[in-house]
Amino acid sequence: MTIAVAIIISSFELKAQNLVSGIYLTGQDYKTNKLSYALGNNDKLQLNEFLAGKNVSITYQGKKIKLSKSEIFGYRYNNVDYRFFNNEAYKIIDTQDFYIYSRPKLNREGKGLKPVDTYYLSNSGNDLIEPLTIANLQVAYANNPKFKYTIAAQFKSDNELIAYDAAIKEYKVKYLFEQSTK
């Protein structure tokens, strides 16, 4: 049962729909919203994520193309952007000031496994992706003591770092970072 759930979650083929889908070859392409291989209705994107597959396969305008995940930035599927890091896809949640990503992780719940979003960060779209933790933020922004001390005072656990303030339409940690740089 565990293997079946992992296969269903991590190995799937994507058919382009009416929403925008395609490949970002570079981080600069992502920043400028330039999709290479923008997929049409008859095109397919296969992520090969089971067992951290190293390639992405595309059927693009009738041609089969194989790209190494380590040589491309990421992809967009139905207007949602993802970045590849160590052959795994991370959903890009926010890019203001620093990047926040999410990725489902299988957690044991009762007798089975349930996918739960786990959150990550990187200073930019080209930096290492690390778990979104108070400790990692303090190391990443060691040269910003105001931010370090603010997050230590405002957040009691790592799970609180993903709190979103709907009134200002911003993650609390991002707001605090912006305030620390003023």
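Please treat every number below as a calculation from the coordinates, not as lab data. Note that the structure is a prediction, hence the values are computed from the model and not measured. Using ideal geometry, Cβ is built from the backbone for each residue, glycine included, and neighbour counts are taken over all protein chains shown.
Annotations for the structure displayed:
- Charge dipole of the chain (Cα centre as origin; +1 on each Lys and Arg Cβ, -1 on each Asp and Glu Cβ, all else neutral): 300 debye, rounded to the nearest 20.
- When the chain is treated as a Gaussian network with alpha carbon springs shorter than 10 Å, the biggest mean-square fluctuation among 47, 128, 35 belongs to 128.
- Full extension of the chain between residue 20 and residue 123 gives 34.4 nm of extra length, using 0.36 nm per residue less the Cα-Cα distance.
- The chain - percent relative contact order, Cα under 8 Å, separation 6 or more: 13
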